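Working notes for the structure below.
The values are calculated or read from the model by the stated rules, or taken from the named source; none is laboratory data. What you see is a predicted model; the values in this text were computed from it and never measured. In this analysis, Cβ positions are derived from the backbone assuming ideal geometry, glycine residues included, and neighbour counts consider all displayed protein chains. Accessible surface is based on the protein model in full, side chains and every heavy atom, while ligands, DNA and RNA are left aside. Shrake-Rupley method; radii C 1.70, N 1.55, O 1.52, S 1.80 Å.
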Amino acid sequence: MSGPQAFHDLMADLDGPMVIVTCQVEGERSGCLVGFSGQCSIDPPLYVACISQRNHTHGVATRADVLAVHVLDGADHGLSKTFGELTGDDVDKLSMVAWTDVDGVPVLDGTAGWFLGRVVARFPMGDHTAHVLEPYRGERRRPVSQLGFQDVKEMEPGHRP
């Protein structure tokens, strides 16, 4: 097999980290499960979170100066379903979960960890937008046994391709 299908089949076997990104701008808040993200620089420390352009969160995130990234582990599987299977076009996901306002950004209570990052760059990446973040505040709440793609790949996304 060759071409795009071989690539998709290979990627489906990998286990990248799953995170939840939340944001708020001018009273509008949103959040989504993100499968394309990771640290992209050591010095300075930078992180990239790619958000689908079909996603409700995309419209809010592209106007935000700060995004919250929540690191997930197995205890956060239910939370990942809320942010991965529902769409902000239909429901306010943040009204369904516990969260705390930190510097004007919704930070989910109880996740394995989180950080706030100032957006230092944005650029299109196919059907996603990359948000390059400079972390400035956060918390490691417990040791992380990462929630990965293999744990959530059977979910039905809120937005279908």
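Within the range 2-25, does at least one residue satisfy the condition of being open to solvent by 20 Å² or more (accessible area, probe 1.4 Å), among the polar types (S, T, N, Q), farther than 22 Å from residue 122 by Cβ and at pLDDT below 95? Within the range 2-25, one or more residues are open to solvent by 20 Å² or more (accessible area, probe 1.4 Å), among the polar types (S, T, N, Q), farther than 22 Å from residue 122 by Cβ and at pLDDT below 95.
Among the residues of the range 138-147, is any over 18 Å from residue 17 (Cα atoms) and of a type in the set (Val, Ile, Thr)? No, every residue in the range 138-147 fails to be over 18 Å from residue 17 (Cα atoms) and of a type in the set (Val, Ile, Thr). Remark: pairs (first residue in the range 95-108, within 10 Å of residue 79 (Cβ to Cβ); second residue hydroxyl-bearing (Ser, Thr, Tyr) and part of a strand (DSSP E or B); Cβ separation under 8 Å; 6+ apart in sequence or on different chains) = 108/22.
Does the range 98-106 include one or more residues that are of a type in the set (A, V, I, L, M, F, W, C), out of contact with any Gly (no Cβ under 7 Å at 6 or more places or on another chain) and closer than 18 Å to residue 62 by Cα? Within the range 98-106, one or more residues are of a type in the set (A, V, I, L, M, F, W, C), out of contact with any Gly (no Cβ under 7 Å at 6 or more places or on another chain) and closer than 18 Å to residue 62 by Cα. Evaluating residue 31 against the criteria (1) more than 19 Å from residue 125 (Cβ to Cβ); (2) part of a helix (DSSP H, G or I); (3) open to solvent by less than 60 Å² (accessible area, probe 1.4 Å) leaves one unmet condition, (2).
Is it true that residue 58 is under 20 Å from residue 142 (Cα atoms) and either without any contact (Cβ under 8 Å) to a residue 40 or more places away in the chain or not aliphatic (A, V, I, L, M) (or both)? If you could, list the steps in order and put the result at the bottom.
Working: under 20 Å from residue 142 (Cα atoms): no; either without any contact (Cβ under 8 Å) to a residue 40 or more places away in the chain or not aliphatic (A, V, I, L, M) (or both): yes.
So residue 58 fails the test.
Exactly one residue among 62, 129, 82 is of a type outside the set (Lys, Arg) and touching a helix residue (DSSP H, G or I) at 6+ places or on another chain (Cβ under 6 Å), and that residue is 82.
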